[in-house]
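Notes follow the structure.
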Amino acid sequence: MTRDVQDPPVAAQTPPIVDAVVIGRNEGARLLACLRSLQGQLRQVIYVDSGSTDGSVAAAEALGVKIVSLDMSERFTAARARNAGLAHLDGDCTYVQLVDGDCEVVPGWIASATARLEADPRLAVVCGRRRERHPDSSIYNQLCDHEWDTPVGPAKACGGDALMRLRALQEVGGYRNDLIAGEEPELCLRLARAGWSIWRLDAEMTLHDAQMLRFSQWWQRSRRAGFAFAEGAALHGAGPERHWVAETRRALIWGAGIPAFILMLLPFSGWALLLLLVYPVQFLRLATRMGRRRAFYSILGKFAEAQGAMEYHWLRLRGRKRGLMEYK
């Protein structure tokens with residue numbers, strides 16, 4: 001008699017371990033919503049606190065979250081906070097969800113993003129749709145909501161919320177601690193140079209609470225963007241990616257160059273004021289693509305961005321670093 005030969009049993013694949021690193025400072029109820037949204041979706045949550053005085057640390061501890069408190073005698077940046085959290089992940093961790101403390105992670109996001117990372121071993125970062133929680137509260141919140149709506153598919157960068165492959169992060173050395181803004185695009189650029197890729201899923205990811213209700217907040221945030229553009233261009237603008245060179249150039253031309261040129265010509269001819277017509281022409285051009293309201297703030301924002309870009313170069317000439325530009 002012959003006996004059927006059976007194939008040896010296939011060992012079950014070990015599921016990947018997913019952890020989270022949350023950063024925050026005086027986020028209050030928003031932090032609690034963030035931490036609760038992560039419960040049940042991953043193994044552990046590490047909360048990195050940056051000198052909160054509103055009881056955030058005690059509230060996070062009550063939820064069973066691991067706490068890392070930054071030494072605030074050193075220069076603080078969000079990048080530094082994220083690196084501090086990443087340093088506390090053990091070798092078993094496969095993927096890490098990075099999230100800001102004013103964001104709430106949507107149910108099912110981590111499972112969807114993990115599946116996408118599992119399907120592509122050269123994929124380092126997966127992000128999805130970040131939405132503003134209260135877009136109707138102000139035009140500034142609406143502008144943020146439009147900003148988060150990035151194209152689906154291969155991407156050059158992600159925002160503060162994303163699921164990342166820990167091995168890829170470690171390979172490129174994590175975030176740059178010294179960047180006060182724009183740390184995620186800079187990280188993604190280095191990941192791409194190392195052969196990794198970034199993907200934007202067509203899936204809901206997080207709810208963000210900007211609480212941007214005043215013009216001064218929006219201006220400060222736009223100014224910070226200009227600072228980040230200039231610093232990013234100084235770091236990587238000479239590379240093939242021309243990182244943020246175009247963004248910096250646009251800010252300086254529209255927000256500083258044209259007004260300065262008009263002021264130089266004005267003592268010689270009042271006709272120089274006619275050059276101001278380039279702004280309404282630009283408005284009409286942009287309005288056909290993005291609507292009148294967004295076009296108006298896009299042009300106005302160039303003045304704030306130019307201020308930030310010029311501040312970066314001024315500080316760079318003096319060999320100085322800038323602290324955070326917080327808008328709330």
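The values are calculated or read from the model by the stated rules, or taken from the named source; none is laboratory data. Small disclaimer: the values here were computed from a predicted structure and weren't measured. Glycine gets a Cβ as well: all are built from the backbone with ideal geometry, and neighbour counts include every protein chain shown.
Is it true that Ala256 is surrounded by 15 or more Cβ atoms within 10 Å (Cβ to Cβ) and either among the charged types (D, E, K, R) or under 23 Å from Arg129 (Cα atoms) (or both)? No, not satisfied. Only residues that are surrounded by fewer than 12 Cβ atoms within 10 Å (Cβ to Cβ), in a helix (DSSP H, G or I) and hydroxyl-bearing (Ser, Thr, Tyr) were counted in region 263-302, giving 1. Counting just the residues of region 86-128 that are surrounded by 22 or more Cβ atoms within 10 Å (Cβ to Cβ) and among the small types (Gly, Ala, Ser), which one comes out nearest to Asp202 (Cα to Cα)? Among those that are surrounded by 22 or more Cβ atoms within 10 Å (Cβ to Cβ) and among the small types (Gly, Ala, Ser), it is Gly128.
Exactly one residue out of Ser37, Ser52 is more than 22 Å from Gly173 (Cα to Cα), modelled with pLDDT under 90, polar (S, T, N, Q) and surrounded by 12 or more Cβ atoms within 10 Å (Cβ to Cβ), and it is Ser52.
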